[in-house]
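The values are calculated or read from the model by the stated rules, or taken from the named source; none is laboratory data. Keep in mind that what you see is a predicted model, and the values were worked out from it rather than measured. As a convention, Cβ positions derive from the backbone with ideal geometry for all residues, glycine included, and neighbour counts pool all protein chains shown. SASA here: full protein model, heavy atoms, side chains in, ligands and nucleic acids out. Shrake-Rupley method; radii C 1.70, N 1.55, O 1.52, S 1.80 Å.
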Amino acid sequence: MNIGIIGLGSMGLNLAKNIISKKHKVYAYEQNSTIKKNLKKNNIQNLFLTKSLSELINKVNSPRIIMLSLPADKVDEVINELTNFLEPKDIIADLGNSLYLKSIERDNLLKSHKINFLGVGVSGGPRGAKNGPAIMVGGSKEAWNKTRHIFEDIAAKNDKQKACSFFGSAGSGHFVKLIHNGIEYALMEVLAEISNILDKFYNLNNDVIEKKFRDLLKTNSSSFLLRITSEIINAKNDKDQYFINEVDPEIGQNGTGVWAIKAALDLGVAIPSIYEAVSARSNSKNFNYNYDQSPKNKKYFLNNKDNEISLEQIIFFNFACSIYQGLNIINESNKWNFFDFKIEDVFQSWSAGCILQGKYLEIISKEFLKHKKIEPQYLYNLIKTNCSDQLKSVREFNSNAIKMGITCPVLSSNLAYYDQMFSNHKIGELIQLQRSYFGLHPIREKKSNNKITPYWTNL
Ligand code: 6PG
């Protein structure tokens, strides 16, 4: 087949290479002159650069498949221009990190031109784009049927499945991608907090932390993020300095984490660890090491018999709680009439190629098949089966950090979230009574569900 791609930045170009490697031809359009110059220098077989959008449209056979790999703020402009050239039944697939609401809006616009639209979440960065990304698709069923073989061909695969799913209506693919990214922020922060505690409290140097993380790659907590973190922690520049001591700590973000939080707030879903991870990014411009109050005389060593903890269980617990929170948003979004997600399909699309991929996720996904529902019991069983020390390690690790003033907002919020659901307390009861006292809000008895009217409600 021949396919059109608009935008040959690092993602677009690598997707093009991937598509070409599957025996398709790509006609491409790119405005940036430096990118164009580089492409002309390194001639890529079966990649044909066109001079204008109209030339691109003329070259691609109809019904045309036009993929967009553009910065978020360029997508509308290009779609509007394309409507001048495309014909009914042609397909526009937006492969960028677009907001799902924009995808729904674009689908409506394109429907009025009888053009089919697909909103496609792609994970794995430029390397993944080239070698096999995870692909999350939503939009026109007709367009999906025509493009499915291409997406499945270029997607990452493991021995069981292809990391590519179609979720239904426009917006659904980008919705799953933004939840993926919210979770991604949380897992990245989990690993960053853990390595900081290993350094500041347990006095482990970069070599040892790298080795400990590498060893965990043989366990159920293994993941892509753990693998790259083990490498990064010990990587040095050409002056033999650790990058981690040199890099500016202000964390960037492209907005997908914030979108995940907004969706969760709208749906009334608790996602404390995703929120804390986004919040840490926003607060990173205020990180100030001059006021560090943590004790300077480090003396603890991990694996002293007295303070042995299981890093495998700590990582699994935190990853599982963060994944569960993200899945909860997806599950609850089914109450919006435009979504109808099957959680199995979400797991399939994250099963390889994406930033979340890992052995831990296979375990989380297998346990889901026993429950078939996103419900607290699922999380409870997951933790019970995989954290055999009844969270002793998690509690000790977190409290060591807190005692010493070592920051750990995501580790703390995961544990707080879990304890909130699975420990016995009277917090809801007391707050309901407070509300009743000052606001006369109606309250009910737990057992009978009958209305109760405490004496303070008689004015
Ligand atoms: C992925 C990534 C990818 C990218 C985002 C997040 O799944 O491949 O999520 O889409 O890294 O841009 O980046 P920020 O950290 O800038 O929000």
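Could you sort ILE251, ILE315 by accessible area so the largest value comes first, with the probe set to 1.4 Å?
I get ILE251, ILE315, largest accessible area first.
Given labels modelled 7 Å from the Cα in the Cβ direction, how far is it in nm from LYS157 to ASN84?
4.2
With label points built 7 Å along Cα→Cβ from the Cα atoms of GLU308 and THR219, find their separation and express it in nm.
1.2
Which value in deg cm²/dmol, rounded to the nearest 500, describes the helix-derived mean residue ellipticity at 222 nm for the chain, given -39,500 (n - 2.57) per DSSP H run of n ≥ 4 and division by the residue count?
Calculated from helices alone, the mean residue ellipticity at 222 nm is -16000 deg cm²/dmol.
Take the Cα pairs of the chain, get the Kirkwood Rh, then feed it into Stokes-Einstein at 10 °C and 1.306 mPa s and tell me D in µm²/s.
For these conditions, the coefficient is 65 µm²/s.
In a shell of Cβ-Cβ distance under 12 Å around SER412, excluding SER412 itself, what net charge do Lys and Arg (+1) and Asp and Glu (-1) give? Walk me through the numbers on the way to the answer.
Working: positive: ARG395; negative: GLU189, GLU193, GLU276, ASP419.
Every neighbour counted, the sum reads -3.
Hey, rough spin-label estimate for GLN253 and ASN32, points 7 angstrom out along Cα→Cβ, what's it come to in nanometres?
That separation, rounded to one decimal, is 2.4 nm.
Rule-of-thumb check for segment 2-168: C-alpha Rg over 2.2 N^0.38 Å?
Here the Cα radius of gyration is 0.95 times the empirical estimate.
In terms of Cα to Cα distance under 18 Å, which aspartates and glutamates are near enough to LYS299, apart from those fewer than 8 places away along the same chain?
Those aspartates and glutamates meeting the cut-off are ASP199, ASP207, GLU308, GLU396.
So if I take the centroid of the Cα atoms in segment 421-435 and the same for segment 306-374, what is the distance between those two points in Å?
28
Per residue, how much accessible area does the chain have with a 1.4 Å probe, in Å²?
Per residue, the chain has an accessible area of 50 Å².
If R0 is 56 Å, what FRET efficiency do you get for LYS370 and LYS51 from their C-beta distance, rounded to 0.05?
Numbers: r = 57 Å, r/R0 = 1.01.
Rounded to the nearest 0.05, the efficiency is 0.50.
Take each of the peptides 6-18, 417-429, 71-83, average the number of other beta-carbon atoms within 10 Å over its residues, and list them starting from the highest.
6-18, 71-83, 417-429
Of the accessible area of the chain, with the probe set at 1.4 angstrom, what percent is carbon plus sulfur?
50
Multiply the residue gap between LYS111 and ARG395 by 0.36 nm, knock off their C-alpha separation, and tell me the result in nm, one decimal place.
Answer, rounded to one decimal: 96.9 nm.
Can you give the net charge of the other residues whose Cβ lies under 11 Å from the Cβ of SER21, counting K and R as +1 and D and E as -1?
In short, +3.
If you count, for each residue, the other Cβ atoms within 10 Å and average over each peptide, how do 224-230, 430-436, 388-394 line up from highest to lowest? Intermediate values should be presented prior to the final figure.
Working: 224-230: 18.9, 430-436: 13.0, 388-394: 16.3.
Result, highest mean first: 224-230, 388-394, 430-436.
Mind putting a number on the dipole of segment 182-305 about its Cα centre? Charges go on the C-beta only, +1 for Lys and Arg and -1 for Asp and Glu, and I need it in Debye to the nearest 20. Intermediate results must be reported in sequence, preceding the final value.
Numbers: 15 positive and 16 negative charges, 101 e Å.
With Lys and Arg at +1 and Asp and Glu at -1, about 480 debye.
Starting from 0.36 nm per residue, how many nanometres of slack lie between SER448 and GLN241 once their C-alpha separation is accounted for?
Full extension of this stretch gives 67.9 nm more.
Going highest first, how would you order 167-175, 31-39, 119-127 by mean Cβ packing within 10 Å?
Values: 167-175: 26.3, 31-39: 12.3, 119-127: 23.1.
Order by mean packing, descending: 167-175, 119-127, 31-39.
So between ARG227 and ASP419, what do we pick up on full extension, going 0.36 nm a residue minus the alpha carbon distance?
Result: 66.2 nm gained on full extension.
Using a cut-off of under 15 Å, list every residue of segment 444-459 whose amide N is near the label point 7 Å from the Cα of TYR437 along the Cα-to-beta-carbon line.
Within reach of a label on TYR437, which here means backbone N under 15 Å from a point 7 Å along Cα→Cβ, segment 444-459 contributes 454-458.
When you take every Cα atom in segment 177-421, what is the radius of gyration, and what is Dmax, the widest Cα pair distance, in Å?
In Å, with Rg to one decimal and Dmax whole: 17.9, 58.
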